[in-house]
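Take a look at the structure below.
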Amino acid sequence: MKTVAIYSSKGGVGKTATAVNLAYTAAASGKRVLLCDMDSQGAASYYFRIRAKKKFNSQKLLAGDFVKYIRGTDFINLDLLPAHFSFRNLDLALNSLGEKERRMALAKLLKPLDEDYEILILDCPPNLTLLSENIIEASDVLVCPVIPTTLSLIALEQLLKLFGKLEADKGKILAFFSMVERRKSMHTTVMEKYRKYPLFLKSAIPFLAEIEKMGISRLPVGAVIKQSPAAQEYTRLWQEIWKRSKTL
């Protein structure tokens, strides 16, 4: 099982749209996929019209009692572990664990899913916390959406520093440009400058209305119009991520 985390410490860069569409694309390719909504806001869960059961919470997640709360989506090969509002306290719960356990807790919890899924995608909250450290340790690949702007690049730099602090393998970071507007000279300039670095993927996701409209349709873009420009871009992005993941 490959664990792919969609992560950035900056909000509003397209993490959830990326997680939802990559999960859908991977499942459509025939892979058995589980999307884990780790953000207490539950946007990924909302897109798939799934709510967590009232009995599910962060304590049950960390106790390993969560498999029974995984739900099937409307799409073949794609399941979802929905978010719960109590996930906002995951850092406090992780901090209460022993020093040796707290950073590896998530990896340990997800390990038993190896037998049921080929791909595990984590939709992660925008923060730099103990949960972030767990996500780094648990992931085989960490995909970071970057809007071609200064603040988004700073978030990527912070991620690289965190990897250094944890002595984690920076090679598993794959960044891509998100919400690209090519008519903006800054976007074009930034992309030309940074695309030469190996951590950046060749694929980029443009700023498209059909992606924004996911909040209305509550569907991945490929489920609305299979050959839409956005669906094709996410397919290319997933294919590149999958290819790169095999070398990590």
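Computed from the coordinates by the stated procedures, all read-outs in this text should not be read as laboratory data. Quick caveat, the model's predicted, so the values are computed rather than measured. Because the Cβ atoms are built from the backbone with ideal geometry, glycine has one as well, and the counts that use them run over all protein chains shown.
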Fewest-first ranking of Thr189, Thr235, Thr247, Thr149, using other Cβ atoms within 10 Å as the exposure measure:
Thr247, Thr189, Thr149, Thr235
Give the distance, in whole Å, between the Cα centre of region 74-116 and the Cα centre of region 146-171.
22 Å
Out of Asn95, Asn57, Asn21, any idea which swings most in a Gaussian network model of the chain, alpha carbons joined below 10 Å?
Asn95
For region 105-152, diffusion coefficient by Stokes-Einstein and Kirkwood Rh (Cα), 20 °C, 1.002 mPa s, µm²/s
172 µm²/s
Size of electric dipole in region 2-245: Cβ of Lys, Arg +1 and of Asp, Glu -1, about Cα centre, debye, nearest 20
320 debye
Report the net charge of residues surrounding Lys170, where surrounding means a beta-carbon distance below 15 angstrom and charges are Lys +1, Arg +1, Asp -1, Glu -1.
-2
Which value, in debye to the nearest 20, describes the size of the charge dipole of region 156-248 about its Cα centre when Lys and Arg Cβ atoms bear +1, Asp and Glu Cβ atoms bear -1, and nothing else is charged?
200 debye
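If we count GluC sites (Glu not before Pro) as exposed when they sit in a DSSP loop and have at most 14 other beta carbons within 10 Å, what is the longest stretch of the chain that avoids them all?
Between exposed loop sites, the widest span is 1-98.
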Subtract the Cα-Cα distance of Lys246 and Ser185 from 0.36 nm times their separation in residues, and report this length gain in nm to one decimal.
18.5 nm
Glu181's amide H: which non-local residues (gap 5+, or another chain) put their own amide H closer than 5 Å, with H modeled 1.01 Å from N in plane and none for Pro or chain starts?
Phe207
Which FRET efficiency value, to the nearest 0.05, do you get for Glu212 and Ser96 by plugging their Cβ-Cβ distance into 1/(1 + (r/R0)^6) with R0 = 51 Å?
0.85
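Please arrange Thr73, Thr3 by counting, for each residue, the other beta carbons lying within 10 Å of its beta carbon, fewest first.
By the 10 Å Cβ count, ascending: Thr73, Thr3.
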Cβ under 13 Å from Val224's Cβ, Val224 left aside: what net charge do those residues give with Lys, Arg +1 and Asp, Glu -1?
0
If the chain between Asp169 and Thr149 were fully stretched, how many nm would it gain, using 0.36 nm times the residue separation less the Cα-Cα distance?
4.7 nm
Extreme residue, positive dipole direction of region 1-140, given options Leu97, Phe48, Asn134 (C-beta unit charges):
Phe48
Here region 202-212 yields Karplus 3J(HN,Hα) values (6.51, -1.76, 1.60; θ = phi - 60°; whole Hz; Gly and Pro given as x) of 6, 5, 9, 9, x, 6, 10, 4, 5, 6, 4
Listing Tyr197, Tyr69 from the residue with the fewest other Cβ atoms within 10 Å to the one with the most, what is the order?
Tyr197, Tyr69
Given the DSSP H assignment, sum -39500 (n - 2.57) over each helix run of at least 4 residues in the chain and divide by its residue total; what's the result at 222 nm in deg cm²/dmol, nearest 500?
-11000 deg cm²/dmol
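Given the C-alpha atoms of the chain, compute the convex hull and give its volume per residue in Å³.
Numbers: hull volume 28.8 nm³, N = 248.
Per residue, the Cα convex hull of the chain comes to 116 Å³.
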Just list whichever of Lys53/Lys100; Lys15/Lys161; Lys60/Lys226; Lys68/Lys246 have alpha carbons separated by over 28 Å in the model shown.
Lys53/Lys100; Lys60/Lys226; Lys68/Lys246
Can you tell me the FRET efficiency between Thr129 and Ala107 if r is taken as the Cβ-Cβ distance and R0 is 22 Å, rounded to the nearest 0.05?
0.85
